[in-house]
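Notes for the one structure printed next.
None of the figures in this text is laboratory data; all of them are computed from the coordinates on show. Everything numeric in this text was worked out from a predicted model, so none of it was measured. Note that each Cβ is placed from the backbone with ideal geometry, even for glycine, and that neighbours are counted across all protein chains shown.
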Amino acid sequence: MLKIDLAGRRALVAGVADDGGFGFAIAKTLAEAGAKVCVGTWPPAFGILQTLLRRGKLDASRKLSDGSMLEFEKIYPLDAAFDTLDGAPAEVRENKRYRETGDFSIAGLAAQLKIDFGDRPLDIVVHALANGPEVKKPLLETSRAGYLDAIGVSAYSMVSMVARFAPLMNEGGTFLSLTYMASERVIPGYGGGMSSAKAALESDTRVLAYEAGRKYGVRVNTISAGPWASRAASATGIIDAMVEYAAHNSPLTDPMSAEEVGNAAAFLVSPLASGITGTTLYVDKGYHAMGKATAARFGTGAADPE
Ligand SMILES: NC(=O)c1ccc[n+]([C@@H]2O[C@H](COP(=O)([O-])OP(=O)(O)OC[C@H]3O[C@@H](n4cnc5c(N)ncnc54)[C@H](O)[C@@H]3O)[C@@H](O)[C@H]2O)c1
């Protein structure tokens with residue numbers, strides 16, 4: 001039987017703070033496929049994640065199909081806004097949520113992984129994080145600082161991670177990020193430069209696939225996921241409407257699940273996808289293929305096709 005087998009591989013999933021997002025779903029699927037999974041968690045959410053785990057609040061979602069529990073090999077503090085600790089301003093380093101965490105930068109995480117697991121600690125890196133402080137503002141009203149923050153945390157962080165983690169990878173190493181169709185089509189309400197950040201992330205996926213492919217032999221892909229009511233998506237204030245809209249207007253009308261994104265991720269990071277790099281893969285029930293809303297209730301007058 002053809003099987004996704006990640007036994008003996010170690011994955012780092014950056015962007016897990018609870019069990020409600022794509023990062024958690026991907027971590028779980030990779031564990032189902034046999035990988036060891038470490039996670040990177042934003043320092044402001046670091047203590048909360050530890051508490052949720054300690055109190056058993058994630059136990060139901062941690063259950064794997066063989067009855068065992070998803071165990072994170074290690075949880076690392078990570079603020080993807082910073083490439084090195086020196087680059088973090090004093091007020092961040094001294095903030096109570098940061099000062100006890102050690103080096104929370106991308107370079108700090110790379111160094112810690114080598115200390116913990118040796119010179120080649122990684123096989124798979126998943127970038128499942130994004131943040132846009134002005135996401136609720138239309139682009140026209142977005143400040144330069146808000147725009148640059150969005151693109152720095154949500155797109156440049158991937159460049160920085162590939163630069164620092166690719167040299168730490170075993171043969172067959174692979175990177176994956178998550179993007180959203182707002183990169184290429186207008187999604188009113190997905191503001192603050194987040195659409196620009198996703199466009200950059202997708203373009204960088206192609207360039208990084210080439211550069212890091214030639215230099216390190218690694219693959220770099222991104223999944224363009226449909227709307228899903230995670231914590232981050234809820235911050236946009238439009239996610240419930242987007243989920244409903246997608247369900248009404250996609251070729252497949254059952255709601256997309258985070259597990260479907262996890263399954264596609266497991267394939268893309270597995271040896272079965274060894275020929276795939278530089279790709280944006282849609283996992284959105286086919287919504288990206290549509291050019292016209294179908295549901296009469298959205299005022300198009302067109303009936304759903306039989
Ligand atoms: N939910 C959707 O509808 C949707 C659709 C397409 C793509 N995506 C993308 O999926 C990815 C995961 O998001 P999600 O929707 O699953 O939400 P989520 O809330 O589970 O994940 C976002 C994570 O980013 C972390 N984060 C924020 N700023 C950070 C920083 N500076 N450093 C490190 N971590 C930071 C948060 O703590 C959180 O864990 C994001 O790239 C998002 O844009 C989401």
| Distance in nm between pseudo-label sites at Ser274 and Glu171 (7 Å out along the Cβ direction from Cα) | 0.9
| query | Shape of segment 10-285 from its Cα gyration tensor (a ≥ b ≥ c, root eigenvalues): rounded if a/c is under 1.5, otherwise prolate when a/b > b/c, or oblate? | reply | rounded
| So how much slack lies between Asp5 and Ile75, counting 0.36 nm per residue of separation and subtracting their Cα-Cα distance, in nm? | 22.9 nm
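Can you put Val162, Val207, Val16 in order of Cβ neighbours within 10 angstrom, beginning with the fewest?
Val207, Val162, Val16
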| remark: Site Asn95, offset 7 angstrom along Cα→Cβ, radius 16 Å on amide nitrogen, limited to segment 30-62, gives 41-49
| Relative to the longest principal Cα axis of the chain, at what angle does helix 43-54 sit, 0 to 90 degrees, rounded to 10? | 90
| Pairs from Lys28/Lys137; Lys74/Lys96; Lys198/Lys285; Lys36/Lys96 whose Cα-Cα separation, in the structure shown, is over 25 Å | Lys28/Lys137; Lys36/Lys96
| task | Using only the Cα atoms of segment 107-196, build the gyration tensor, take square roots of its eigenvalues as a ≥ b ≥ c, and label the shape rounded, prolate or oblate: rounded if a/c is under 1.5, else prolate if a/b is larger than b/c, else oblate. | result | prolate
| With each run of n ≥ 4 DSSP H residues scored as -39500 (n - 2.57), what mean residue ellipticity at 222 nm is computed for the chain after dividing by its residue count and rounding to the nearest 500 deg cm²/dmol? | -10500 deg cm²/dmol
| query | Pairing the Cα long axis of helix 106-117 with the longest principal axis of the chain, what angle in degrees results, from 0 to 90 and rounded to the nearest 10? | reply | 60
| Roughly how tilted is helix 22-32, in degrees to the nearest 10 and between 0 and 90, from the longest Cα axis of the chain? | 60
| Computed magnitude of the charge dipole of the chain (debye, nearest 20; Cβ of K, R +1, Cβ of D, E -1) | 260
| By counting other Cβ atoms within 10 Å of each Cβ, how are Met290, Met1 ranked from fewest to most? | Met1, Met290
